[in-house]
C-alpha cells in the first residue's frame, strides 16, 4: 500500500502509481532494481546504477523508468521525425510519430518542407493545403494516443522564418486550446536577428509574400506576449555545435527544445541531482565528476538495448550515439550553499558546474571508445579524438523526475515556495518547498509560519513582507522565486550553462504580467547575443491552463 500523506508524499505516490510502477512492484526501490538490471552489462554496473537511482543522485528520463525491463523496451525520450512534402511521406511521418508516442517518446518536426497553402500541389491538379492542415492531423493523433498511454504525447512543430505560411503558423495558438499537443517554434538564422538588431526592419525578408523583417519580428513578439508561443530557435548557433555536419544540418529539436537532432535520431536523457552534492556547505566536486562518468555509461548502454519504434530510428541513433546528460536541483544547490539565484556567484557556479560535468562526460566517452569502439560516424565528425558519443550533454526540464528526486526542476528557479501543482490526471497537490519549510518553520511561531505560507501562496513572493521578524532582508535575497528574478538573469543563467553544454537547454524565461512587448523584443535579441540556442518566454497570466498555480490569480 502506497503512503499517501498530503503534499509531496502524495504527489510522489500518485506519480509512481500513474506512470512508473509495474505489476508486482510496490515502491521506488523495485523500479530501480528493474531498470538497473535491464541497463547494466554486469554485476558491478548493476549495483552502481541501482545505487545512483535509489539515492536519487542520477535519474534517467521517464520512458526509461517506465519501459526498461519490460516487453516494450523503448527507452528514449527524444525523437526527430522528418516531414517531407508529399502526402505519402507526411503520413509516413504521422505513423512513425504514433509508434513513438505510444511508448512514451516525444517527437519533433520541421514542417518547413511542406509547401505553403495555395501553392500548386504535387502531382495532382489542385492546390496544397499547407503545413497547418497536416499539423492538425498530428495534433489529433496525439490526442487519441494519450488516452491510453501512461505518458501524454508531446510534439514540437518548427517552421523556418522564411516559410510563406509563417504568419498563420505564429497565430495558430492565439486561441487557447488550439494545437494543444504542440509546442510551436520559429527557426531563425543569424542574418534575420542581425537585421532586427540593426534596425533594418523595413527590409523585405520574404520576397514571395512581401513580409518585412519588422512585420515578422512583431508577429513573433506579439505571439510570445499573448501566450508564450512561438518559442525561438537560433539556427546558426545550433549548427555551430553540430558535431557531425557531414550528415546534414540540424533543423529540428525534441518537444522541449533541449536536444537538436538530425532526422530519425533519438536521444536518451538523464539528470544529475545537484542538490545532493553539497556537504557541510561545500560542493563535492570529485563525487560529481564520478557520477557524471557513471551516468554516461548508463545512457550509452541504453542505446544498445533499446527497442526502437522503426528501423530508421535505430540506424540513425546508433550512427552517432548521442546522449543527453543534464542536471536538476540547481536552485536547491544554491539554497544549500546560501547563494541567491540572481547573484554573480550563482552565475559563476552555473558555468563551472556544466564545465566539470561536460569534461567528465567527454573523458568517460573516450574511455568507452577505447573499450568498445567509437561511434560509427566518428571519422565524419568534428571530434579530434575517438569518442563513443557524438554529443553528451543537454539540460531537460525534468518535470516529473525532479518530483521523484524531491528537488527543483532542471536549472529553473523555484516557481513559488508554496503553490498548487496540477497533474495530467487532473489531481491537484498543495506543495511547500522542503528547504523553505526547513528554514522558516523552526524559526517562526506556528501562527506566523502559517501566515507566511498563506501570503506566499496568494502572492507568489515574500519580497513584499515588511515585518523583519518574519522575513529578514538576507532571507528575501536568498528566497527569490521565479518572478522575483529579472528576465535578464534568467537568460544569463541559461547562457552560463549553455557555454559548456553540447546540445541545448530547456528553460522558461519568466516575465511578470505587466511585461511589455518591448521587454520581449529586448529579451529575444539579448538571448541571441548571449549564445542561447533557443528560448521560451512566458508572461505570467497569459494562459488559463498551466501546471503550476498560486491561490490568488490562478496563474
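The values are calculated or read from the model by the stated rules, or taken from the named source; none is laboratory data. For clarity, every value in this text was computed on a predicted model and none was experimentally measured. Methodologically, a virtual Cβ is constructed for each residue, glycine included, from the backbone with ideal geometry; neighbour enumeration extends over all protein chains shown.
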Inspect the stretch 82-102 for any residue being at pLDDT 95 or above and farther than 30 Å from residue 185 by Cβ and give the result as yes or no.
no
Looking at this structure, is residue 410 surrounded by fewer than 17 Cβ atoms within 10 Å (Cβ to Cβ), closer than 24 Å to residue 485 by Cα and touching a residue at least 60 places away in the same chain (Cβ under 8 Å)?
no
Can you tell me which residue among 292, 316 is buried (at least 19 other Cβ atoms within 10 Å of the Cβ), touching a residue at least 60 places away in the same chain (Cβ under 8 Å) and not in a loop (DSSP other than H, G, I, E, B)?
292
I need the full set of residues from the stretch 43-89 which are exposed (fewer than 14 other Cβ atoms within 10 Å of the Cβ) and within 25 Å of residue 276 (Cβ to Cβ), in order please.
43, 44, 47, 55
Please tell me if residue 324 is modelled with pLDDT of 95 or more, crowded, with 21+ Cβ neighbours inside 10 Å and part of a strand (DSSP E or B).
yes
Name the one entry in 454, 473, 428 that is modelled with pLDDT of 95 or more, over 30 Å from residue 363 (Cβ atoms) and surrounded by fewer than 16 Cβ atoms within 10 Å (Cβ to Cβ).
473
By residue number, the members of the stretch 431-440 that are surrounded by 15 or more Cβ atoms within 10 Å (Cβ to Cβ) and more than 26 Å from the chain's Cα centre (by Cα) are 437, 439, 440
What are the residues in the stretch 346-381 that are touching a helix residue (DSSP H, G or I) at 6+ places or on another chain (Cβ under 7 Å) and either more than 19 Å from residue 503 (Cβ to Cβ) or free of Cβ contacts under 8 Å to residues at least 12 places away in the same chain (or both), if any?
346, 347, 376
Can you confirm whether the stretch 26-38 contains a residue that is in contact with a strand residue (DSSP E or B) (Cβ under 6 Å, 6 or more places away or on another chain) and either closer than 30 Å to residue 129 by Cα or surrounded by 15 or more Cβ atoms within 10 Å (Cβ to Cβ) (or both)?
no
Pairs needed: first member in the stretch 450-473, on the phi > 0 side of the Ramachandran plot and in contact (Cβ under 8 Å) with a residue 40 or more places away in the chain; second member anywhere, buried (at least 18 other Cβ atoms within 10 Å of the Cβ) and in a helix (DSSP H, G or I); C-beta distance under 6 Å; at least 6 residues apart or different chains.
460/483
